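What follows is one structure encoded as C-alpha cells, with my remarks underneath.
The values are calculated or read from the model by the stated rules, or taken from the named source; none is laboratory data. What you are looking at is a predicted structure, and each value in this text was computed from that prediction instead of being measured. Every residue, glycine among them, receives a Cβ derived from its backbone with ideal geometry; neighbour counts consider all protein chains shown. Surface accessibility is based on the protein's heavy atoms, side chains included, excluding ligands, DNA and RNA. Shrake-Rupley method; radii C 1.70, N 1.55, O 1.52, S 1.80 Å.
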Amino acid sequence: MNQIRLALVGLTLVSWCLLASRLAAQQQPQQLFQKEQIDEFLKRKFSPFIVSVLAGLEPMTKQELELASRYYVLRVTDALALDDRTKMDLYVKEFQDMVVVAEKHAAKNRKVVGEFAPHLVNRFKEVFALDFKANRIAIVNGAVLLPLAARLRQEVIADYLAGVAGDEKMNDAVRVHAIKAMREFFPANPFTKTELGVKANVVKKERDVQRVDALLTFIDRPMPKARDLYEVEGFRYVRQQAVAALGKTGVPAVTSLGGKVEGNVALGLLKVLSKKVQPEPSMQERVEAAIGVCHFTKFVEEYEPQVGIFLVAGCLSEMFSEYKRDFANISAKGKERKPTFLPWKHDSKRFELALAELVANTRGAPSATAAQNLEALAKPMLKQIFDNSALDRDQEFRTAIERLKPKTKVLFKNPKGKPLEFDWEPAAAAEEK
C-alpha cells in the first residue's frame, strides 16, 4: 500500500511538472458511474465474482462483466474519494486484491478473464478521456491501476498499453504507468528462422514489434521547452521508465531476418548509453540501458555485441566516478548523511548479475573474451560499492576498457547486403570542430 501511495504522490508531481497543472482546475470533476450500479454489484455480484468467477468455476454474462469493470475502474472518479485518500486507497487496493485472486487461479480462469479484459480496457478509455485539469486526481489514480491490470496477462490489455505509451496526446502521468505496465509482457521472443511460416508466431512478432516501437518512439521524443530544472528531471524520470521497460525485452531486436531489423531494442538502448537522446540521459537511465544490453539473448545471430559491451563498460566507468563523488556522503554518519546519488547497493548487485548474464549470452562468440574481461574488471569494484567501501581501481578500470573500444560501428550484420551501423562515438566538442 505504501508503494502505491508513493507512486501516486511521485507521479502526481511529475504530471504537474510536465504539463503545467499547477493552477486549480476551472471545471468540476466528472463522476463516471451511477451509485446504484455500484451498489447492485456490491450486494449481488461481488462475492460470486471473487469466489467463483475469478476461480474459473462459473461464467458471467457480458452485462455482469461490464458492471464489474465499472465497479473496479470507474470508482476512481468518485467525487467523495477525490479529497479522501483513505477511500481512494481502498479502491486501488480492491483492484489489486481482485488481480491477486485472478493470478492465483490463472490456470482455470483464462476464458472468463479474457472476456473481462476488454471491459477493463473500455473503462480505462473512459477515465483517460476526461479533461486532465478537472479530473487529474481520478486520472492519476486510474493510471496507478494499469500495472496491476497488466498482471492479468491479456493481449488486449498489452495492445492498449502500447497504444497509450505511443499516444503523444495522452498525459505523461498516464503514459508512464502504461510503460511500467508493459514490463509484464516482456521478455520478447526473438523471431528467428524456426518461427517462419507459423501464423501464431507471426502475430506474436507483430505485437512485440508494436510494443517495442512504442517505447522507442517515447525515448526518442523531443523534449518540450522546459521552464525549469524540475521539468527536465521530470522528463528524464518518465523516460527512465521507458528505458527500463525496453531493457526488459531481453532481445537486441524482435527480428533481424533478411537484413531487415524490426523492433530494434539495441539501437534504442545504445542511444541512451552513448547520450544520443535529448536532454542528456541521467545516470540512472544509462544504468537501466546498460543492464538491458547485458540481457540480450544470443539467439538473434545477426546482432554484433562489440559496441554494446564497450558502452556498458563506459557506463560502469561513469558509475564508479559518481560513486567516488558520493562516497564522502555514503561514509557519513547520523544527520550528516543525505540521500545517496543512486541506490548503490541495489544497482551494484543488479549490475553484477547482469554482467554474469552477458558472459553467458556471449559464450562461444567472438565477443566472449571482451565480456569475460569486463566482468573480471568490474566485479570486485561492484562488490566494494555493495559493501559501502572506497573504490581503489577506478583509474585502472578506465585504462583497461580502452582496450575494449571497437573498431566497428556495425550493430547488425547482414549476410545479404549492407549491415546496420550505429555511430556510437560522442560528437566532437565545439572547440574541436
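Amide H contacts of Thr255: Phe191, Glu262, each under 5 Å away and 5 or more positions distant or on a separate chain (H built 1.01 Å from N in the peptide plane; Pro and chain starts excluded).
Compute the helix-to-body angle for 132-144: its Cα long axis versus the longest principal axis of the chain, expressed 0 to 90° and rounded to tens. Rounded to the nearest ten degrees, it is 70. For the options Ser256, Ser274, Ser52, a Gaussian network treatment of the chain with springs between C-alpha atoms closer than 10 Å singles out Ser52 as fluctuating the most.
Among rounded, prolate and oblate, which fits region 50-113 when a ≥ b ≥ c are the square roots of the eigenvalues of its C-alpha gyration tensor, a/c under 1.5 means rounded, and a/b larger than b/c means prolate? Write out the running numbers ahead of the final one.
Details: a/c = 3.85, a/b = 1.88, b/c = 2.05.
Verdict is oblate for region 50-113.
Name the shape class, rounded, prolate or oblate, that the alpha-carbon gyration tensor gives for region 209-356, where a ≥ b ≥ c are the square roots of its eigenvalues, rounded holds for a/c under 1.5, and otherwise prolate holds if a/b is larger than b/c and oblate otherwise. In terms of gyration-tensor shape, oblate. In this structure, Val51 and Thr399 have a Cβ-Cβ separation that, at R0 = 51 Å, corresponds to a calculated FRET efficiency of about 0.20.
Shown is the FRET efficiency for Lys108 and Thr217, computed with R0 = 45 Å from the Cβ-Cβ distance and rounded to the nearest 0.05: 0.75.
Determine the share of region 109-189's accessible area contributed by carbon and sulfur atoms, expressed in whole percent, with a 1.4 angstrom probe. The partial results should precede the final answer.
Details: 1350 of 2630 Å².
For region 109-189, the apolar C and S fraction of the accessible surface comes to 51 percent.
Solvent-accessible area per residue for the chain at a 1.4 Å probe radius, Å²?
Values: 21180 Å² over 433 residues.
Each residue of the chain exposes 49 Å² on average to a 1.4 Å probe.
Counted over all Cα-Cα pairs of region 308-433, pairs farther apart than 18 Å make up 61 percent.
Pairs with C-alpha atoms separated by more than 24 Å, drawn from the list Lys180/Lys349; Lys108/Lys298; Lys204/Lys260; Lys260/Lys409; Lys324/Lys407, are Lys108/Lys298; Lys324/Lys407.
Net charge near Val410, counting Lys/Arg +1 and Asp/Glu -1 over other residues with Cβ under 9 Å of its Cβ?
Working: positive: Lys409, Lys413; negative: Glu304, Glu421.
It works out to a net charge of 0.
Here are some values of Rg and Dmax of the Cα atoms in Å: [x] 21.7, 66; [y] 23.7, 74; [z] 21.3, 60. Which one was computed from this structure? Among [x] 21.7, 66; [y] 23.7, 74; [z] 21.3, 60, the one derived from this structure is [y]. Need one word for region 320-392: rounded, prolate or oblate. Basis is the Cα gyration tensor (sqrt eigenvalues a ≥ b ≥ c); a/c below 1.5 gives rounded, then a/b vs b/c decides. Prolate.
Order these peptides, 224-231, 407-414, by their mean beta-carbon neighbour count within 10 angstrom, highest first. Intermediate results must be reported in sequence, preceding the final value.
Working: 224-231: 11.9, 407-414: 15.5.
Output ranking for 224-231, 407-414: 407-414, 224-231.
Would you compute, from DSSP H runs of 4+ residues alone, the mean residue ellipticity of the chain at 222 nm, taking -39500 (n - 2.57) per run and dividing by the full residue count, rounded to the nearest 500? Can you show the working numbers first?
On the way: 17 runs with 248 residues, N = 433.
Calculated from helices alone, the mean residue ellipticity at 222 nm is -18500 deg cm²/dmol.
The residues packed around Lys180, meaning those with a beta-carbon under 12 Å from its beta-carbon, carry a net charge of +3 if Lys and Arg are +1 and Asp and Glu are -1.
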